[in-house]
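Taking it in order: structure first as structure tokens, then the write-up.
The values are calculated or read from the model by the stated rules, or taken from the named source; none is laboratory data. These numbers come from a predicted model, not from an experiment. Using ideal geometry, Cβ is built from the backbone for each residue, glycine included, and neighbour counts are taken over all protein chains shown. Protein only, heavy atoms only, side chains kept; ligands, DNA and RNA dropped before computing areas. Shrake-Rupley method; radii C 1.70, N 1.55, O 1.52, S 1.80 Å.
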There are 2 protein chains.
Amino acid sequence: MNKIAPKLVVRRLPIYLHILDNLIRNDVQIISSRELSDETGFTAEQIRKDLAFFGAFGTRGTGYNTSFLREKILKIIGLDDQTNIVVVGAGHLGIALIRYNVTNNSYVNVVAAFDIDPDVIGLKILDVEVMPMARMKEIAEEYKVKVAILTVPSEQAQIAVEQIIQSGINVIFNFAPTKLHVPEGVYVRNANLSIELQSLIYYATSEKEKKF
Amino acid sequence: MNKIAPKLVVRRLPIYLHILDNLIRNDVQIISSRELSDETGFTAEQIRKDLAFFGAFGTRGTGYNTSFLREKILKIIGLDDQTNIVVVGAGHLGIALIRYNVTNNSYVNVVAAFDIDPDVIGLKILDVEVMPMARMKEIAEEYKVKVAILTVPSEQAQIAVEQIIQSGINVIFNFAPTKLHVPEGVYVRNANLSIELQSLIYYATSEKEKKF
């Protein structure tokens, strides 16, 4: 079967979750696929298809129960339990991600950061301690860590990845602008910020968008 | 017409570009949509459709000329000229993006960073100077800047956005985890790293991926 579509579905789930969190905070109990479409920019049809894919069906003419749908999506993603992650590389990017973006995420908890630089080992970023790489396996086992954010320089990325995998972590969110070589069973998502940036340039140049 | 599909096409173009750059570096002159599919994970059909959308057609049974296709995509995105951008917010994330990821991008040139903190104004990150916000308009006009990367804290994001827009910049890549209010004609892309991270959690939990 086509592997692409489900990956895209999975990428849309946290977007639905984010919107549902906001709706629930504002005491909205029901939302239609039409309204979800306005919030997300995805078509209502796409949304119905995405959710039906996982067996979540709205009531025709009414919509989805926001709390029920939120619980469903949490379960599908695997966020129903608090997920512990680590950050590998405590340079500017690692620090920024711990302080600024990742902490904006109530479902995910950074339990430790790792670095090879003795000058940063022992520092705390918020309440996250920077530890030597040698402690990664112990921490990963203790906190059942399955996801690492990789923010080391490119030339150190492959060595770091090998340590990550040896620690039993099998999902890597890679910010190093380099291709990682990993064995079967390890999932790498590349952040590709420069690719995102390039696609933005399109919108900076004249009225092209309106062609469509 | 449906606005979603073209946005996704636009997001795929830099991925094709990245692959073509590598192929050309390795003296590969022709690539089939099948091979592009192997490289990108998109289906060959999707790729042919994407490229045909912009009038780029391969030769049946042979494929695409890599240099021709690269030129075509550069033109479509608007990267045929060097694009000047600015970074607003010279904290950890701003510094990291200047040093580490954005500079990995030969098509885009950071001409200046801006901040409100007197302690960082005047510093240089690589050869990028951190300037006071008041100079943004002057720099944007001088270097024809149309794109800003926004890396200030959430609570300062809206004020910073207004200064960005007043400087004549109309495309913003927003890393502040907050919703920005912008007038018609200004394009905002939210980096949403926490949403990306959540979607990764899905792959950390057991064998679900194999269901599809």
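Which ones in region B:55-67 are in contact (Cβ under 8 Å) with a residue 24 or more places away in the chain and either within 14 Å of chain A (Cβ to nearest Cβ) or β-branched (V, I, T) (or both)?
B:T62, B:T66
Would you tally the residues in region A:183-198 being assigned to a loop (DSSP other than H, G, I, E, B) and either modelled with pLDDT of 80 or more or at the interface with another protein chain (Cβ under 7 Å from one of its Cβ atoms) (or both)?
5
Of the residues A:A96, A:A134, A:A112, A:A140, which is away from chain B (no Cβ under 11 Å), in contact with a helix residue (DSSP H, G or I) (Cβ under 6 Å, 6 or more places away or on another chain) and among the small types (G, A, S)?
It is A:A112.
Would you say A:K124 is in contact (Cβ under 8 Å) with a residue 60 or more places away in the chain, outside the structural domain of A:V10 (by TED's automatic domain parsing) and of a type in the set (D, E, K, R)?
Considered against the rule, which asks whether it is in contact (Cβ under 8 Å) with a residue 60 or more places away in the chain, outside the structural domain of A:V10 (by TED's automatic domain parsing) and of a type in the set (D, E, K, R), A:K124 comes out as no.
State yes or no: is B:I201 at pLDDT 95 or above and over 24 Å from B:V108 (Cβ atoms)?
no
Looking only at residues that are assigned to a loop (DSSP other than H, G, I, E, B) and either more than 9 Å from chain B (Cβ to nearest Cβ) or among the aromatic types (F, W, Y) (or both) in region A:82-93, which one is farthest from B:I95 (Cα to Cα)?
So the residue we want is A:Q82.
For B:Q82, work out the one condition from (1) at pLDDT 85 or above; (2) open to solvent by 10 Å² or more (accessible area, probe 1.4 Å) it doesn't fulfil.
Exception for B:Q82: condition (1).
I'm checking my understanding of the structure. Among residues of region B:168-177 that are crowded, with 17+ Cβ neighbours inside 10 Å and part of a loop (DSSP other than H, G, I, E, B), which one is modelled with the lowest pLDDT?
Going through the qualifying residues, I end up with B:P177.
Got a sec? Which of A:R99, A:R135 is at pLDDT 95 or above and among the basic types (K, R)?
A:R135
Within the bounds of region A:3-12, is there any residue that is assigned to a loop (DSSP other than H, G, I, E, B) and either free of Cβ contacts under 8 Å to residues at least 40 places away in the same chain or assigned by TED's automatic domain parsing to the domain that holds A:L126 (or both)?
Yes, because at least one residue in region A:3-12 is assigned to a loop (DSSP other than H, G, I, E, B) and either free of Cβ contacts under 8 Å to residues at least 40 places away in the same chain or assigned by TED's automatic domain parsing to the domain that holds A:L126 (or both).
Could you check, for region A:34-47, whether at least one of its residues is at pLDDT below 85 and away from every other protein chain (no Cβ under 12 Å)?
The answer is yes; a qualifying residue exists.
Tell me, please, whether a residue that is closer than 20 Å to B:S194 by Cβ, in contact (Cβ under 8 Å) with a residue 60 or more places away in the chain and not in a strand (DSSP E or B) can be found in region A:153-161.
Taking every residue of region A:153-161 in turn, none turns out to be closer than 20 Å to B:S194 by Cβ, in contact (Cβ under 8 Å) with a residue 60 or more places away in the chain and not in a strand (DSSP E or B).
For region A:118-128, give me the residue count where each residue is farther than 18 Å from A:Q163 by Cα and open to solvent by less than 70 Å² (accessible area, probe 1.4 Å).
Within region A:118-128, residues that are farther than 18 Å from A:Q163 by Cα and open to solvent by less than 70 Å² (accessible area, probe 1.4 Å) number 4.
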